[in-house]
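First comes the structure, then the notes that go with it.
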Amino acid sequence: MDRVAANRTPPLLRVIELSLVIADLMENETTVRAAIRLSRESHAPSPWSDCWLPEVRRLLGEAHRGGQLGDDTPVEDLTVLVQYLVDGTEAYLRTRLDTEQGYDDSAAAQLNRLWTLILTGVQDTGAPGGNPPPARP
């Protein structure tokens, strides 16, 4: 995390890199998986995400202030999205490692493709019916 935080790339790219590093660690480091499992199963008052989520929140705030995020992109919502992506990667890996199914890609490669979808969008706003729905109150 310190290596990613010290990187001089734009903050949004550092958030993505941090999530990919975490995915790689979860997939390849037994001690990381064990620590996550202990945190999950012990119902610890401080979840394992407390060691990386504050840095994600800080970097996203920096990205917002630097104009990397849309004005209507709430930092807190994007922070939750990052947490869902990392938590989902952990759940995917837990299932995959428990079943010994063969997969061609690493978890980090799959997560990287998801980030590409998120950053480029999946909706063609020029297509009929392509406008996003109005925000709910």
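Here, each number is a calculation from the coordinates, and none is a lab measurement. Because the structure is predicted, anything quoted here is derived from the model rather than measured. Note that we place each Cβ from the backbone using ideal geometry, even for glycine, and neighbour counts take in every protein chain shown.
Apply the a/c threshold of 1.5 to the C-alpha gyration tensor of the range 1-73 and tell me whether it is rounded, prolate or oblate. Prolate is the answer for the range 1-73, as a/c is 1.5 or above and a/b outweighs b/c. Each of Ser42, Leu60, Asn28 was scored by the projection of its Cα onto the charge dipole of the range 9-61, and the greatest displacement toward the positive side belongs to Leu60; charges sit on the C-beta of Lys, Arg, Asp and Glu. Gain on full extension, evaluated as 0.36 nm per residue between Ala109 and Asp77 minus their Cα-Cα distance, stands at 9.2 nm.
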